[in-house]
Amino acid sequence: MEAAHRDPAEERPEPQDLLEKEVLVIGCGNVMIGDDGLGPTFIKHLQDRGGVPGHVGLLDAGTGVRSLLFGMVLSDPKPRRIVVVDAVDVGRPPGEVFEIELDAVPPQKSDDFSLHQLPTSNMLKELRDQCGVEVRVIAVQVSFLPQELQAGLSAPVEGSLERVRELVERFY
């Protein structure tokens with residue numbers, strides 16, 4: 001008898017179940033655009049490594065973080081803390097890992113939904129200010145973003161995964 005085909009999406013936890021976790025780590029990005037795939041690659045890195053405490057949820061949001069955050073603003077329960085992991089292009093050395101303060105995002109960028117700016121910072125601020133959720137954003141400077149679809153991280157960004165893990169684990 002042939003094994004039934006399983007859709008990998010069936011194995012992902014439901015976002016609603018993850019909202020019941022105390023801490024939710026969200027990886028953002030598109031794995032088909034080189035370094036932009038950092039967030040989803042990081043979530044897989046943590047899953048493969050194992051040892052994530054039970055009160056921590058991991059979510060590969062891909063490019064759907066906007067709708068996820070919108071739903072989270074409206075839902076109950078909510079995590080006590082959200083840690084967003086994303087690749088950005090802000091002119092730092094490739095592979096540099098740093099935390100972005102939500103209040104440091106210029107007001108004219110608060111509604112910027114581009115792939116290479118802090119995703120939906122207005123909704124993250126609303127979760128923080130109106131819903132009482134602690135929000136942390138860990139970013140990695142991209143090395144390059146290909147003009148055509150190309151999976152895989154550059155060496156500097158791939159080399160940042162353990163440093164990102166160290167920072168994220170501080171917020172467990």
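The values are calculated or read from the model by the stated rules, or taken from the named source; none is laboratory data. All values reported here derive from a predicted model rather than from experimental measurement. Cβ sites come from the backbone with ideal geometry, for glycine too, and all protein chains shown count toward neighbours.
Can you name the residue in the range 52-64 that is in contact (Cβ under 8 Å) with a residue 24 or more places away in the chain, out of contact with any Leu (no Cβ under 8 Å at 6 or more places or on another chain) and more than 16 Å from A139 (Cα to Cα) and, of all such residues, is surrounded by the most Cβ atoms within 10 Å (Cβ to Cβ)? Restricting to residues being in contact (Cβ under 8 Å) with a residue 24 or more places away in the chain, out of contact with any Leu (no Cβ under 8 Å at 6 or more places or on another chain) and more than 16 Å from A139 (Cα to Cα), the top hit is H55. Just so you know, in the range 17-29 the residues that are at negative phi and under 11 Å from the mean Cα position of the chain (by Cα) include one that is surrounded by the fewest Cβ atoms within 10 Å (Cβ to Cβ), and it is L24. The set of residues from the range 130-163 being in contact with a strand residue (DSSP E or B) (Cβ under 6 Å, 6 or more places away or on another chain) and hydroxyl-bearing (S, T, Y) comprises just one member, S160. Taking each residue of the range 23-51 that is among the polar types (S, T, N, Q) and looking for partners that are in a helix (DSSP H, G or I) with beta-carbon atoms closer than 7 Å, six or more apart or interchain, yields N30/D36; N30/G37. Is it true that Q47 is at pLDDT below 90 and of a type outside the set (D, E)? So Q47 does not fit the description; no.
Among the conditions (1) closer than 19 Å to G39 by Cα; (2) modelled with pLDDT under 90; (3) surrounded by 15 or more Cβ atoms within 10 Å (Cβ to Cβ), S67 misses just one, which is (3). The number of residues in the range 82-112 that are modelled with pLDDT under 55, exposed (fewer than 14 other Cβ atoms within 10 Å of the Cβ) and within 22 Å of N30 (Cα to Cα) comes to 2. Filtering the range 75-98 down to residues that are among the small types (G, A, S) and touching a Gly at 6+ places or on another chain (Cβ under 9 Å), which residue is farthest from F42 (Cα to Cα)? Ranking the qualifying residues of the range 75-98, first place goes to G95. Is there a residue being modelled with pLDDT of 95 or more and farther than 16 Å from V140 by Cα anywhere in the range 24-42? Yes, because at least one residue in the range 24-42 is modelled with pLDDT of 95 or more and farther than 16 Å from V140 by Cα.
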